[in-house]
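Here is the structure we will look at.
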Amino acid sequence: MTIPSADAMKREAAQQALSRVSAGMRLGLGTGSTAAHFVDLLGARVREGLDVLCVATSERTRAQAKTLRIPLTTLDETPELDLTIDGADEFDANLRLIKGGGGALLREKIVAAASKKMFVIADATKEVQTLGAFPLPVEIDCFGARATRLHIERLANGLGLFGSIVERATASGAPYLTDGGHYILDCAFGVIPAPELLASRLRAIPGVVDHGLFIGLATAVFIGGPDGVRILGDAA
């Protein structure tokens, strides 16, 4: 038996999520390699006549959707959405996620929070027993970045979390800037036994704009694997 590639499994998960989209829906479009599959597939449906209105979670996704002539709006124009479809860097059995590998965690979280439902599409390698295998992205303001980083390090150590905290950089070595003009710190804490506690403590640090822990937002995860797509949660 030929085992499908991770890319093929992501695309199959995206196809299954797309099957839940109906005419007239207001959609949030995620960012990243997996979400890009969904946007491509959605573009094909739009060419066939599917009527939807979409909010992109990044300038990169907006450009992709625009190329595919997917109708776009903003949250200011359309503040309430029916469904957001996005990827994840990892997820657990309780539908808790780590996101932000694609650098769009703040806008992704804002769009997800504005949606009635959030469907996550991922391949099976992203499923973990406990969050933390993927370094946790934390988006911070550029002002006082070094001080904010020290606060994060002290907070993490106080919770028994140790590991490198690295400022994300571009291929040229320059600081990576989000669409909102912020830095991202990638925090390799390892296993995070209490993600809810860490999430609330991080948000309380001045200078932290947001973090990649998505808790209480996902309603279902479409998991692409060698034997097809498995659904975790409520995809109705």
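Results, tabulated for the structure shown:
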quantity: Test result for residue 174, within 19 Å of residue 154 (Cβ to Cβ), surrounded by fewer than 19 Cβ atoms within 10 Å (Cβ to Cβ) and either over 17 Å from the mean Cα position of the chain (by Cα) or not assigned by TED's automatic domain parsing to the domain that holds residue 35 (or both); calculated: no
quantity: All positions within the stretch 5-26 that are under 23 Å from residue 107 (Cα atoms) and buried (at least 23 other Cβ atoms within 10 Å of the Cβ); calculated: 10, 13, 14, 17
quantity: Cβ pairs under 7 Å, 6+ apart, first in the stretch 118-130 and under 18 Å from residue 107 (Cβ atoms), second part of a strand (DSSP E or B) and among the basic types (Lys, Arg); calculated: none
quantity: Some residue of the stretch 42-55 being within 18 Å of the chain's Cα centre (by Cα) and over 25 Å from residue 124 (Cα atoms); calculated: yes
quantity: Selection status of residue 36, over 19 Å from residue 106 (Cα atoms) and crowded, with 16+ Cβ neighbours inside 10 Å; calculated: no
quantity: Cβ pairs under 6 Å, 6+ apart, first in the stretch 213-236 and assigned by TED's automatic domain parsing to the domain that holds residue 100, second of a type in the set (Lys, Arg) and not in a loop (DSSP other than H, G, I, E, B); calculated: 219/117; 223/230; 224/10
quantity: Segments classed as helices (runs of 4 or more DSSP H), wholly inside the stretch 1-120, with at least 2 members that are of a type in the set (D, E, K, R) and under 18 Å from residue 212 (Cβ atoms); calculated: 105-113
quantity: Residue count for the stretch 30-53, restricted to those that are within 18 Å of residue 90 (Cα to Cα) and touching a Ser or Thr at 6+ places or on another chain (Cβ under 8 Å); calculated: 4
quantity: Breaking point among (1) farther than 23 Å from residue 88 by Cβ; (2) in the same structural domain as residue 37 (by TED's automatic domain parsing), for residue 150; calculated: (2)
quantity: Subset tally (residues that are surrounded by 23 or more Cβ atoms within 10 Å (Cβ to Cβ) and farther than 19 Å from residue 140 by Cβ) for the stretch 194-222; calculated: 3
quantity: Failed condition for residue 95, given (1) surrounded by 18 or more Cβ atoms within 10 Å (Cβ to Cβ); (2) under 11 Å from the mean Cα position of the chain (by Cα); (3) under 20 Å from residue 230 (Cα atoms); calculated: (2)
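The values are calculated or read from the model by the stated rules, or taken from the named source; none is laboratory data. These figures come from a predicted structure and were not determined experimentally. Neighbour counts are summed over all protein chains in view; Cβ atoms, including those assigned to glycine, are modelled from backbone coordinates with ideal geometry.
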